[in-house]
Amino acid sequence: MLRGKNLIYPTDFTVEQLEALFCLTDKIIARPDQYANSCNDKILATLFFEPSTRTRLSFEAAMQRLGGKVLGFADSASSSATKGESLADTIRMISCYADIAAIRHPAEGAAHVAALHSFIPVINAGDGGHQHPTQTLTDLYTIRAKKGRFHDLTIGLCGDLKYGRTVHSLIHAMCRYENIHFVLISPPELQVPDYVIREIEAAPGCSYSVDPDLDSAIRQVDILYMTRVQRERFSSQEEYLRLKDSYILDTQKMQNAKPDMIVLHPMPIVNEITGAVDEDPRACYFVQAQYGMYVRMALILSLLGAEDGPATVCGGRMFEKTCQNPRPNGTVHCKNPKCVSNLDLTLPIRVKDGGKVCEYCDAAIEE
Ligand code: CP
């Protein structure tokens, strides 16, 4: 059902397709031996222009456990991007070498650009402060395993909600379910972007409240999604140092939480959860990270059409797509300085929502 698709946003798959993916994940966890040769002769490319431990290594472990092979780079310094090669040309070349690609890039919208120029499935493994859909698959699978439902939940999101791409993707995904209330817990400087608020407001089954006080917010939530304040996203180190310890979850705060509340975190954890909380059975972030590998196995199988037999999606052919048209002369541009269209000026401007929103990064377009 997902054969040949890209995954750029978590909502690129329907709710039914997600459930099928999670059922496949259940089967892989129960009988991994049955999938050990499902991707024989297939190659995953991991193109990581930003650091990663969990996402890159769980993708690589996932492909190897399916019998496939992996190539790629873990650092943009070891790719020809340092010589000035465009992302579009990089992905065209990778399409000749591999059957599927996972890309992480600091520019917002970079994975979408890659998908536009690729003829193999492209998976967004994180594009700047924008989206991180495979983390969301991991988060959703953990919620399904621990809470048994995707409806009637109060979800606290705490920390860096401005640059936290995992937060943006999780809200995006949860907005499709019934009776979801988000409690947004952040300092004023790190509130969620406007486009994410618009998504909540447009979702009939969802609502939100803002509560900058973790001590009070923790009492009402079913799920507490903690996040790191991300040093690498700040232009001012001074501001980062001022905000980095805004929230620290400790055992004292946990005493005020519901007995069946769960704590999730995409990790890495820096200082926002004390080590003693790890011992609390409600702390689910390590098992959440473990689920990530199995969910990514299911994702690779599904995108390659290999759920029930040999893969039917094949890369390694001569590339078929031609260059995008060069950027037309004009004054329209994306307001977001971190948007891929403002970092690679050869890219054409692409818009959606009646021309008001950038198709790459969801920020506003201006004349
Ligand atoms: N959750 C996550 O994206 O972790 P890494 O940065 O280690 O990949």
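Looking across region 280-298, the residues that are open to solvent by 30 Å² or more (accessible area, probe 1.4 Å) and either of a type in the set (A, V, I, L, M) or under 25 Å from the mean Cα position of the chain (by Cα) (or both) come down to Arg282, Phe286, Val287, Ala289, Gln290, Tyr291, Tyr294.
Read through the list (1) within 16 Å of the ligand (Cβ to nearest atom); (2) within 16 Å of Gly72 (Cα to Cα), then give the number of the only condition that Val122 fails. Condition not satisfied by Val122: (1).
Looking at the structure I just gave you, is Glu108 under 24 Å from Asn342 (Cα atoms), of a type outside the set (A, V, I, L, M, F, W, C), within 16 Å of the ligand (Cβ to nearest atom) and under 20 Å from the mean Cα position of the chain (by Cα)?
yes
Just a yes or no: is a residue in region 75-85 open to solvent by 30 Å² or more (accessible area, probe 1.4 Å), more than 20 Å from Gln290 (Cβ to Cβ), part of a strand (DSSP E or B) and not polar (S, T, N, Q)?
no
When the residues of region 328-367 are filtered to those that are of a type in the set (Gly, Ala, Ser) and outside any loop (DSSP other than H, G, I, E, B), the one that is surrounded by the fewest Cβ atoms within 10 Å (Cβ to Cβ) is Ala364.
Total residues in region 225-253 satisfying the condition of being aliphatic (A, V, I, L, M) and open to solvent by 70 Å² or more (accessible area, probe 1.4 Å): the figure is 1. The set of residues from region 25-63 being more than 16 Å from the ligand (Cβ to nearest atom) and of a type in the set (Val, Ile, Thr) comprises Thr25, Ile28, Ile29, Ile43. All of (1) in contact (Cβ under 8 Å) with a residue 40 or more places away in the chain; (2) open to solvent by less than 20 Å² (accessible area, probe 1.4 Å) hold for Lys146 with one exception: (2).
Quick check on region 260-279: of everything there that is open to solvent by less than 30 Å² (accessible area, probe 1.4 Å) and in a loop (DSSP other than H, G, I, E, B), which residue is nearest to Ala217 (Cα to Cα)? The qualifying residue nearest to Ala217 (Cα to Cα) is Met261. Across region 151-167, what is the total count of residues that are basic (Lys, Arg) and within 13 Å of the ligand (Cβ to nearest atom)? Qualifying residue count for the region: 1. Out of all the residues in region 64-79, is one or more within 16 Å of the ligand (Cβ to nearest atom) and closer than 18 Å to Asn6 by Cα? Checked region 64-79: no residue is within 16 Å of the ligand (Cβ to nearest atom) and closer than 18 Å to Asn6 by Cα. Report, ordered by the first and then the second residue, all pairs with beta carbons closer than 8 Å, sequence separation of six or more or different chains, a first member in region 38-59 that is under 17 Å from Ser95 (Cβ atoms) and at pLDDT 95 or above, and a second member that is more than 13 Å from the ligand (Cβ to nearest atom) and among the basic types (Lys, Arg). From region 38-59, the pairs are Lys42/Lys69; Ile43/Lys69; Leu44/Lys69.
Table: residues versus (1) away from the ligand (no atom under 16 Å from the Cβ); (2) free of Cβ contacts under 8 Å to residues at least 24 places away in the same chain; (3) basic (Lys, Arg).
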position	(1), (2), (3)
Leu241	yes, yes, no
Asp250	yes, no, no
Asp260	yes, no, no
Met267	no, no, no
Asp278	yes, yes, no
Arg282	yes, no, yes
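The values are calculated or read from the model by the stated rules, or taken from the named source; none is laboratory data. Just so you know, these numbers come straight off a predicted model, no measurement behind them. Heads up, the Cβs are rebuilt from the backbone with ideal geometry, glycines too, and the neighbour counts pull from every protein chain shown. For accessibility, only protein heavy atoms count, side chains too; no ligands or nucleic acids. Shrake-Rupley method; radii C 1.70, N 1.55, O 1.52, S 1.80 Å.
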